Amino acid sequence: MEYNVIIYKKNIKNVILKVKHNGIVTLSVPKKTPNSFIETFLNSKKEWILKNLEKIKKNSTKAVDKSYKNGDNIEYLGKIYILEIFKSSSNKICVEDKYFKIYTTKEINKKNIEAIIYKWYKDRALEIFKISLNKYSNLIGEKFIDFKIRKMKRRWGSCRFVQRIITLNIELIKKPIECIDYVSLHEVAHLKHPHHKKEFWDFISIYMPDWKLRKERLDKYD
């Protein structure tokens, strides 16, 4: 199993190695830590990293295998709703109080309910993501030509800065609005700074001073 490690050099005293729920591996070290130490440390932890990545892979496979039956949890914009499915003469979805209600003319089975929910997510994402992207595009004065929505395994978004096309992960529709806004600004900012150097993060901070808190909250939802 291949993996990449994101390394942060910070004003900290201890070494902190994390394997996040989305499969991202991060290593935080004190600012003056030599690269030779980092390499040796990561090699010593390779077995531990692989073991945790394998555990995440198994758990994610279980999570994807939803039953899509009454009583299941459905996420939308940072909240968890209880799924209720009704056979009906018309098709609609109502999100009210703590319930995610599906009314459908189709046969009630996993395949049909999953398809109904996915389409509903995509329709909401097209509206909400576009508003968010336009807001930050106008704010920083960088225009994108088009944006796409698709399922992504390892990233919340991507930016093809030459073509000026932004892609956002449909799974973001399950997250809080402030997290969606963070990803939107992150990708729009790549139109100006197509890298993750200090200049990029300083630019993000100008328009979203609390981006770190938003990112942390997003990571918790992974």
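The values are calculated or read from the model by the stated rules, or taken from the named source; none is laboratory data. This is a predicted model, so every value here is computed, not measured. Don't worry about glycine lacking a Cβ; one is built from the backbone with ideal geometry, like all the others, and counts go over all protein chains shown. Accessible surface is based on the protein model in full, side chains and every heavy atom, while ligands, DNA and RNA are left aside. Shrake-Rupley method; radii C 1.70, N 1.55, O 1.52, S 1.80 Å.
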Inset, instruction - Look at region 10-42 and say how many of its residues are free of Cβ contacts under 8 Å to residues at least 60 places away in the same chain and within 23 Å of residue 154 (Cα to Cα). - result: 9
Legend entry - Scope region 8-26; condition closer than 20 Å to residue 218 by Cβ and open to solvent by 60 Å² or more (accessible area, probe 1.4 Å); matching residues: 8, 10, 16, 18, 21
Inset, instruction - Taking residue 188 as the residue in question, decide whether it is within 24 Å of residue 201 (Cβ to Cβ) and modelled with pLDDT of 95 or more. - result: yes
Legend entry - Which numbered condition residue 199 fails, given (1) acidic (Asp, Glu); (2) under 14 Å from residue 78 (Cα atoms); (3) more than 18 Å from the chain's Cα centre (by Cα): (2)
Legend entry - Some residue of region 27-34 being surrounded by 14 or more Cβ atoms within 10 Å (Cβ to Cβ) and of a type in the set (S, T, N, Q): yes
Legend entry - Per-region count, region 160-194, residues assigned to a strand (DSSP E or B) and surrounded by fewer than 21 Cβ atoms within 10 Å (Cβ to Cβ): 3
